[in-house]
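Here the structure is laid out as C-alpha cells; the discussion comes afterwards.
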Amino acid sequence: MNKYREIAKIYMKAQLVWRADVIFNMVFTIAKIIFAYLIWSIIFEAKSRVGEFTFFGMMSYYIVNSFLSQLEMSPRISNEINQRIRNGTFSKYMIVPVNVEGYFAAMEAGIVLFYFIFDLIAAAVWILIFRIQFVFTRDLLTIVCAVLMILIGLVFMVQLNFFLGLLTLKYQGIGTFLMIKDNLVSLVTGSIIPLALFPELVVRIMKFLPFYYVTYLPSMLLTGYNQSEALYGVGIILIWAIAMQGIIKLTWKQYIRKYDGVGI
C-alpha cells in the first residue's frame, strides 16, 4: 500500500511543474458554468421551471457536474498506455514491483487529489461572484451514497481507460474505441444537458450504462434530486466496477502474450 501512496505523491508533486495546466483546468471549469448560466438565464426568463429544475437548482446542478467532470482525468491513462505499447516502452511498467493497473490507479489518484482543491476553489468563486443560491441536499444518507458513487465511478473510469489502453496489444489503433467512449461519456454523464430533460424511455436506457452513475446521478443527488435512486445507483456502479475488473484480468492474460516491447 505504501508503494502506491508514494506513486500518488510523486504524480501529485509532478503537477506543480505544469502550472499552466492548473490555470486552464480552473478556466475550463468556470467557462463551462458561465456558458450554462448564459443559456439557462435566457430560457428561465420565460418560465420559472424547466422540468423539475428551478433556475438556481439548474445552476447548482451544473456547478456540481462541472466540478466532478473536471476531476475525471483518466483518459490520459489509455493514451499513455497506447503510446507506450506502440513505441515499445510499456516494459517500464512491467518491471516495477507493483501491479500495472494499480500503478495507473495511483497515478490518477495523485493527479485528482492535486486538482481537487483548485476545482473546488473555482466552483466556490463562481458561486460567490454570481450570487447563486446554491442548492445542496441535507440528507446524510443521500450525501454518503453520492460520495460512494463518485469514488466508485472514478475507479470505474480508471478501469475502463486502462482496458481501452490494453486493446493496443491487439489492435494497431484504438482511436475508434476512444471516440465511442468519449461521446458516450459526454452524453450520458449529463455534462451537456441534464438527463432529466430527456424522454423517459431514453433515460431508462441510459440507466443501464455505467456513465449514468459517474457524474450525472451524484450531481442530481447532491442538489436534492432523484434521491430514490441513491442506494440503487451505488449497487449498479459497483457491479459495473467488479465486472470491468474481471474483463481486465481476462484481457491482460490473453493479450500480454502478444506484447514484444523493447527498451525501458
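The values are calculated or read from the model by the stated rules, or taken from the named source; none is laboratory data. The shown structure was predicted, so the numbers you read here are calculated from the model rather than taken from an experiment. Glycine also receives a Cβ, built like all others from the backbone with ideal geometry; neighbour counts cover every protein chain displayed.
The residue of the stretch 63-98 that is surrounded by the most Cβ atoms within 10 Å (Cβ to Cβ), among those that are farther than 18 Å from ILE111 by Cα and small (Gly, Ala, Ser), is SER91.
Here is the figure for the stretch 115-135: residues that are in contact (Cβ under 8 Å) with a residue 60 or more places away in the chain and in contact with a Leu (Cβ under 8 Å, 6 or more places away or on another chain) total 2. Among the residues of this structure, PHE104 counts as one that is touching a residue at least 40 places away in the same chain (Cβ under 8 Å) and surrounded by 15 or more Cβ atoms within 10 Å (Cβ to Cβ). Determine if the stretch 47-56 includes at least one residue that is more than 24 Å from LEU164 (Cβ to Cβ), out of contact with any helix residue (DSSP H, G or I) (no Cβ under 8 Å at 6 or more places or on another chain) and assigned to a helix (DSSP H, G or I). For the stretch 47-56, residues more than 24 Å from LEU164 (Cβ to Cβ), out of contact with any helix residue (DSSP H, G or I) (no Cβ under 8 Å at 6 or more places or on another chain) and assigned to a helix (DSSP H, G or I): present. Every condition in (1) without any contact (Cβ under 8 Å) to a residue 60 or more places away in the chain; (2) outside any loop (DSSP other than H, G, I, E, B) holds for ARG138 except the one numbered (2).
Looking only at residues that are β-branched (Val, Ile, Thr) and assigned to a helix (DSSP H, G or I) in the stretch 186-209, which one is surrounded by the fewest Cβ atoms within 10 Å (Cβ to Cβ)? The qualifying residue surrounded by the fewest Cβ atoms within 10 Å (Cβ to Cβ) is VAL202.
On the basis of being part of a helix (DSSP H, G or I), at pLDDT below 80 and either surrounded by fewer than 13 Cβ atoms within 10 Å (Cβ to Cβ) or touching a Phe, Trp or Tyr at 6+ places or on another chain (Cβ under 9 Å) (or both), does ILE7 make the cut?
No: the conditions fail for ILE7.
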